[in-house]
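Peer 1: Please read through the structure below; I'll follow up with questions.
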Amino acid sequence: PDMNYIKKHTMDLETSGTERPAARLFSNPPGDYGSMVNEVVGSGDWDNSDSLGEIWKGRNSYSYGRKEGGGGVRSGTWRPEVLDKLLSTTDRVVQEIDSIEYGLTDIQEYYANTGALKKAAENRKEMDNTGRKKKVAISVIEAFGGTSDSAEVPVKDVEDVLRMEYRSKLLNPKWRDAMIEQGSGGAYEVSQRMTAMVGWAATSKVDNFVFDQAAERYALDEEVSKKLQKSNPEAFKNVVRRLLEANGRGMWETDEDTLEKLRNLYSDADDLVEQIASSFN
């Protein structure tokens, strides 16, 4: 059974006396939805990247299948011990993207599930002789890339996909200008991608140049920052907040002069948001 990993791991769990060792389909509690990782990243109320993996694991420890949860396809059973074992033997996570319209950086759910699953698996790896835990890889399958049933489906490393998406969208001046032209909604889209960028940096890796150029294009460009702040003050405040958060969490290295400019921008943005809020009271 060494080459049949499902059988191999099932036998290991059987040996340890684990109930339902063949369980493989795990998700959220019955009737509930979401890993809650994106909510935590959005609020900024999290300790470190390891904690995001544990949030994901806690929300996805329900096993589904025949005779689970008392029967019925909508019933599930809490089986964290099985999921723990499966995570400990995971070396690679595979994520399929089946639409050209939405990529890894477009919506929060990708890092909140695929990225956080990666962290949950890494949390259960043993330390090597350098004192570090083994990294778990993510392969991205772009299922929309084939032109026929026989065409080869592209498979890429997540780091390469993130670089490509950031260069083609968030860091692309044409994409930026199109978002600015959309006013409040466009500013919101920029803001959401900045939050997702922090999520990906926490669960995988985002290159330093991505943060550098994001800061230059959206916060430090005076004309752009004024337009964003005018159309959606809360969104602009979040853009600056995420850059400062990325530096504070060790995701982004930059010089003190840049940080001071961002702090001043954030202070001004915060004051403006408060003024607008008080005007409605």
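Peer 1: Give Asp271, Asp221, Asp212, Asp257 a once-over and let me know the one that is under 30 Å from Ala137 (Cα atoms) and of a type in the set (D, E, K, R). Even if it seems obvious, please write down each step before you answer.
Peer 2: Numbers: Asp271 fails: under 30 Å from Ala137 (Cα atoms); Asp221 fails: under 30 Å from Ala137 (Cα atoms); Asp257 fails: under 30 Å from Ala137 (Cα atoms).
So the residue among Asp271, Asp221, Asp212, Asp257 that is under 30 Å from Ala137 (Cα atoms) and of a type in the set (D, E, K, R) is Asp212.
Peer 1: Okay, moving on. Please state which of the following conditions Leu104 fails to meet, knowing it meets all the rest: (1) open to solvent by 40 Å² or more (accessible area, probe 1.4 Å); (2) touching an Asp or Glu at 6+ places or on another chain (Cβ under 9 Å); (3) not small (Gly, Ala, Ser).
Peer 2: (1)
Peer 1: For the stretch 60-107, which residues satisfy the criterion of being closer than 22 Å to Val41 by Cβ and touching a Gly at 6+ places or on another chain (Cβ under 7 Å)?
Peer 2: Within the stretch 60-107, just Ile97 meets the criteria.
Peer 1: Of all residues being open to solvent by 90 Å² or more (accessible area, probe 1.4 Å) and not β-branched (Val, Ile, Thr) in the stretch 125-138, which is farthest from the chain's Cα centre (by Cα)? Just the residue, please.
Peer 2: Asn129
Peer 1: While we're on this one: Cβ contacts < 7 Å: first residue closer than 19 Å to Asn232 by Cα, restricted to the stretch 246-271; second residue of a type in the set (Phe, Trp, Tyr) and open to solvent by less than 40 Å² (accessible area, probe 1.4 Å), any location; separation 6+ or different chain. Result?
Peer 2: Ala269/Phe236
Peer 1: I need the full set of residues from the stretch 1-40 which are within 22 Å of Gly69 (Cα to Cα), surrounded by fewer than 16 Cβ atoms within 10 Å (Cβ to Cβ) and aromatic (Phe, Trp, Tyr), in order please.
Peer 2: The answer is Tyr33, and nothing else.
Peer 1: Test Glu122 against the stated conditions and say whether it is open to solvent by less than 60 Å² (accessible area, probe 1.4 Å) and in contact with a strand residue (DSSP E or B) (Cβ under 7 Å, 6 or more places away or on another chain).
Peer 2: When the stated conditions are applied, Glu122 passes them.
Peer 1: Determine whether Glu81 is more than 18 Å from the chain's Cα centre (by Cα) and either surrounded by 14 or more Cβ atoms within 10 Å (Cβ to Cβ) or of a type in the set (Val, Ile, Thr) (or both).
Peer 2: Details: more than 18 Å from the chain's Cα centre (by Cα): yes; either surrounded by 14 or more Cβ atoms within 10 Å (Cβ to Cβ) or of a type in the set (Val, Ile, Thr) (or both): yes.
Considered against the rule, which asks whether it is more than 18 Å from the chain's Cα centre (by Cα) and either surrounded by 14 or more Cβ atoms within 10 Å (Cβ to Cβ) or of a type in the set (Val, Ile, Thr) (or both), Glu81 comes out as yes.
Peer 1: For the stretch 1-43, which positions are of a type in the set (D, E, K, R) and either under 29 Å from the mean Cα position of the chain (by Cα) or not in a loop (DSSP other than H, G, I, E, B) (or both)?
Peer 2: Correct list: Lys7, Lys8, Asp12, Glu14, Arg24, Asp32, Glu39.
Peer 1: Since Ile141 meets every condition but one in (1) touching a strand residue (DSSP E or B) at 6+ places or on another chain (Cβ under 7 Å); (2) part of a helix (DSSP H, G or I), which condition does it not meet?
Peer 2: (2)
Peer 1: Do any residues in the stretch 204-233 that are within 15 Å of Ile180 (Cβ to Cβ) have Cβ atoms under 8 Å from those of residues that are open to solvent by 40 Å² or more (accessible area, probe 1.4 Å) and among the β-branched types (Val, Ile, Thr), where the two are at least six apart or on different chains, and which pairs are they?
Peer 2: Pairs that qualify, where the first residue is within 15 Å of Ile180 (Cβ to Cβ) and the partner is open to solvent by 40 Å² or more (accessible area, probe 1.4 Å) and among the β-branched types (Val, Ile, Thr), are Pro233/Ile276.
Peer 1: Got a sec? Which of Ser61, Ser43, Ser51 is open to solvent by less than 50 Å² (accessible area, probe 1.4 Å), without any contact (Cβ under 8 Å) to a residue 12 or more places away in the chain and either among the polar types (S, T, N, Q) or within 29 Å of Leu244 (Cα to Cα) (or both)?
Peer 2: One residue alone meets the criteria, Ser51.
Peer 1: Test of understanding: among Val158, Val153, which residue is modelled with pLDDT of 95 or more, of a type outside the set (Phe, Trp, Tyr) and either buried (at least 21 other Cβ atoms within 10 Å of the Cβ) or touching a Gly at 6+ places or on another chain (Cβ under 6 Å) (or both)?
Peer 2: So the residue among Val158, Val153 that is modelled with pLDDT of 95 or more, of a type outside the set (Phe, Trp, Tyr) and either buried (at least 21 other Cβ atoms within 10 Å of the Cβ) or touching a Gly at 6+ places or on another chain (Cβ under 6 Å) (or both) is Val158.
The values are calculated or read from the model by the stated rules, or taken from the named source; none is laboratory data. Quantities reported herein were computed from a predicted structural model and do not represent experimental measurements. Heads up, the Cβs are rebuilt from the backbone with ideal geometry, glycines too, and the neighbour counts pull from every protein chain shown. Just so you know, the surface numbers come from the protein's heavy atoms only, side chains and all, with ligands and any DNA or RNA stripped out. Shrake-Rupley method; radii C 1.70, N 1.55, O 1.52, S 1.80 Å.
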